[in-house]
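These notes are about the structure you will find just below.
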Amino acid sequence: MALLAVVAVMAGPAAAAVQGALVDYLPKAELSELAPGADRLGPPQGEPPLAPVFAGDALKGYVYLNTDFAAAVGYSGKPIAVLVGIDLEGRVTGLKLVDHKEPIVLIGIPQQRLVAAMNKLIGKDMRPVASGAETPPQVDIVSGATVTALVIGDSVVRSAVKLIRSGRLGADATAAAAVVARRSVDLDKIETKDWESLLGDGSVRRLRLSVADVNAAFAKSDDPRAAQNPEPGADDDTFIDLYAALVSAPTIGRSLLGEDGYARLKAQLKPGRQAILVAGDGLYSFKGSGYVRGGIFDRIELLQDGTGVRFRDRDHTRLGDLAAAGAPSLREIALFSVPADFAFDPAEPWTLQLLVQRSIGARDKAFLTFDLPYSLPAAYLRPAPQPPAQTATTPAAEPGAAPPDALAEPLWMKIWRSNTVSIAVTAAALLVLTAIFFFQDMLVKRPRLHVWTRRAFLAFVLVWLGWISNAQLSVVNVLTFANALISGFRWEFFLAAPLIFILWAAVAAALLFWGRGPFCGWLCPFGALQELLNNFAQWLKIPQLKIPWGLHERLWPVKYVIFLGLFGVSLYSLSLAETLAEVEPFKTAIILKFMRSWPFALYAVALLAMGLFVERFFCRYLCPLGAALAIPGRMRTFEWLKRWSECGSPCQRCAKECPVQSIHPEGHINPNECIYCMHCQELYHDDRRCPHMIQIRLKREKREALSSPSMSPGAGGRRMGGQAALSASPDSPAERA
């Protein structure tokens, strides 16, 4: 019998205030799914609410909603709701996924695979986990939905542990959750240490895995397919060299971040919040190549007292290097603030768990975890307080030892310094592009040179700027910037990504000179990919489709509608807007290089396929970033594209040959649609294709022939007539005009 009937009879109005969402979700599950052997459900009680489960008159356990006890927010930014059944001994008896908004599951990943992964927790006794005797159990990883599976598993375990420790299941659970006096971090302990000292006293903990270590671990795993795909490289090659440290402890933070960096960290952290530093080197990334803004760091998890948490992008700050003397140069350095909803005690031991994955097929992966345990050295701790009450005095002023160095380098500058080569290459490319625009007349008078210069620059943008550097601008950047202006703007956030910042600065300057064309036509990696593929299609003689002007004029506003819709959604939920921004295939085609689930890859490939027949199909009609740039692009100060009085009336050659149909039949160029390819400027100067220039050439040749002293007027006239007839032979309706 469905739970809806039971709840409707037994849940009265007085209980409605505390039942919350639990009552709303109970009808979506059968009682047998959550508590096998039970025959009835009691009314929810307590806060957070628990619904008691009975077999006859005997109480067998409870049903609760995971989100009432622990956060469970996935990629969508919305909670993932799971009904959990638990017996009086703290054993999970059943699970039911009742609500989620995860795009990765809504698009392509069967929900049954998530359910199968969750079912591993059924029958698990959570009391040893709650007491710290065991580590939290790991759910089976779902390929293609790793983060979603991990978030669900974490929330179920954390909610069960919290319930057990609350004492609401019985005396045994209460005893397991006995409260003891705890030590605290000594904030008066202030000194600066070098790297070797930090490693030596345990302030920084290290986990080094070689290729042989990882191969041996997978060989011992339950999946024989994993052993058949060993990691490439020599056995003694470093697979990962992982470091962790609690930088909210003054001595450790000052040593690793520097005085200025630690001062900024303390200013950002709210009272009671902690921060850890994670750094790594070697073949394997603890961040993961698929990490993108708005996502979750799925390869590392912070564990303490049987519960765990994974960090999101909002908890993360990227660092360029370490300030401690003698510190090595590491490939990845990240600063994480511990989420406020995670009960983290910095004075107690904790573990950073690393998730290592290995491909075992076209889409399947095998997973193993490795632990990096951490305990704050006793020298940084204060003893546990004695039972008698103590006066609530404010600790001594923490920064009293030494004032911050006024010349200390800000963190964003360290990041820039560590990316000097990439910054220099990007700056050089922008200078080359600026020269192309300023000396465009010299270039377009040589059509062949212009064509190959443009193709070479687009190839550079696609390969180096896009696929290698991942410097693909997105409408998400626009939405994030607008949201920052509303909620609190900080330059450091945007300066943390040097190439993205440089490109946006260049685009902002270019909008004043040329509109949106420099980015859309020259600096967008996905736009470059579209155009180069279309060039190849034309070389293969694939027929090109010309959209009728009337239809074209009604299609290009679609991208403005998409942008305005995303902007409106971002005012309500930025995370939801980021999800909907997948209308841009940039992440799939450029950032992830098509290494993504098939619906996203198919969408990107379909857009590129359309571009083989209609040049830059996505740019013309669907790109919300192009629409966002077109709006301020109307403020451009200069008009660099030249036109003749005959353009549009009667000549239509430029309008017919414009690759993106940005020239109106009346002859004027629509700056909102122009990608500044300069093809029309080629025609403008070409005295063999532009009717205006053809007339100028004919007149010039006639003057030269008549002024030649070696010919009689009759002979000159006959010669000129032959040349004029040959040169003026129209090769198109536009020239005949």
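The values are calculated or read from the model by the stated rules, or taken from the named source; none is laboratory data. The structure displayed is predicted, hence computed values, not measured ones. Cβ sites come from the backbone with ideal geometry, for glycine too, and all protein chains shown count toward neighbours. The area values use the complete protein model at the heavy-atom level, side chains included, leaving out ligands, DNA and RNA. Shrake-Rupley method; radii C 1.70, N 1.55, O 1.52, S 1.80 Å.
Listed values, structure above:
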| quantity | calculated |
| --- | --- |
| Count of residues meeting criterion [surrounded by fewer than 16 Cβ atoms within 10 Å (Cβ to Cβ) and in contact with a Gly (Cβ under 7 Å, 6 or more places away or on another chain)] in the stretch 309-326 | 1 |
| Candidates 543, 525, filtered to the one that is of a type outside the set (Asp, Glu), touching a helix residue (DSSP H, G or I) at 6+ places or on another chain (Cβ under 9 Å) and open to solvent by less than 40 Å² (accessible area, probe 1.4 Å) | 525 |
| Number of the condition not met by residue 468 [criteria: (1) at pLDDT below 90; (2) crowded, with 16+ Cβ neighbours inside 10 Å] | (2) |
| Test for residue 512: is it modelled with pLDDT under 90, aliphatic (A, V, I, L, M), in a helix (DSSP H, G or I) and over 30 Å from residue 268 (Cβ atoms) | yes |
| Close pairs (6 angstrom Cβ cut-off, 6 or more residues apart or separate chains): within 17 Å of residue 497 (Cβ to Cβ) in the stretch 312-325, in a loop (DSSP other than H, G, I, E, B) and open to solvent by 50 Å² or more (accessible area, probe 1.4 Å) anywhere | 313/293 |
| Exclusive hit being of a type outside the set (Phe, Trp, Tyr), open to solvent by less than 40 Å² (accessible area, probe 1.4 Å) and either out of contact with any Gly (no Cβ under 7 Å at 6 or more places or on another chain) or on the phi < 0 side of the Ramachandran plot (or both), set 602, 566, 555, 612 | 566 |
| Pairs where the first residue, in the stretch 497-519, is under 24 Å from residue 591 (Cα atoms) and the second is among the acidic types (Asp, Glu) and in a loop (DSSP other than H, G, I, E, B), C-beta under 9 Å, 6+ apart | 516/673 |
| Enumeration of residues in the stretch 297-336 that are among the small types (Gly, Ala, Ser) and closer than 22 Å to residue 371 by Cβ | 306, 308, 334 |
| Hey, residue 532 more than 29 Å from residue 666 (Cα to Cα) and either open to solvent by less than 10 Å² (accessible area, probe 1.4 Å) or out of contact with any Cys (no Cβ under 9 Å at 6 or more places or on another chain) (or both) or not | yes |
| Any hit, the stretch 626-637, residues being modelled with pLDDT under 85 and of a type in the set (A, V, I, L, M) | yes |
| Matching option when the condition is open to solvent by 10 Å² or more (accessible area, probe 1.4 Å), small (Gly, Ala, Ser) and in contact with a strand residue (DSSP E or B) (Cβ under 7 Å, 6 or more places away or on another chain), among 359, 248, 329 | 359 |
| Which listed residue is touching a strand residue (DSSP E or B) at 6+ places or on another chain (Cβ under 8 Å), modelled with pLDDT under 90, more than 20 Å from residue 284 (Cα to Cα) and surrounded by fewer than 17 Cβ atoms within 10 Å (Cβ to Cβ), from 223, 186 | 223 |
| Count of the stretch 667-685 residues which are modelled with pLDDT under 85 and open to solvent by 20 Å² or more (accessible area, probe 1.4 Å) | 1 |
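Quick grid of which residues meet (1) modelled with pLDDT of 90 or more; (2) under 22 Å from residue 321 (Cα atoms):
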residue: 414; (1), (2): no, yes
residue: 429; (1), (2): yes, no
residue: 452; (1), (2): yes, no
residue: 456; (1), (2): yes, no
residue: 486; (1), (2): no, no
residue: 493; (1), (2): no, yes
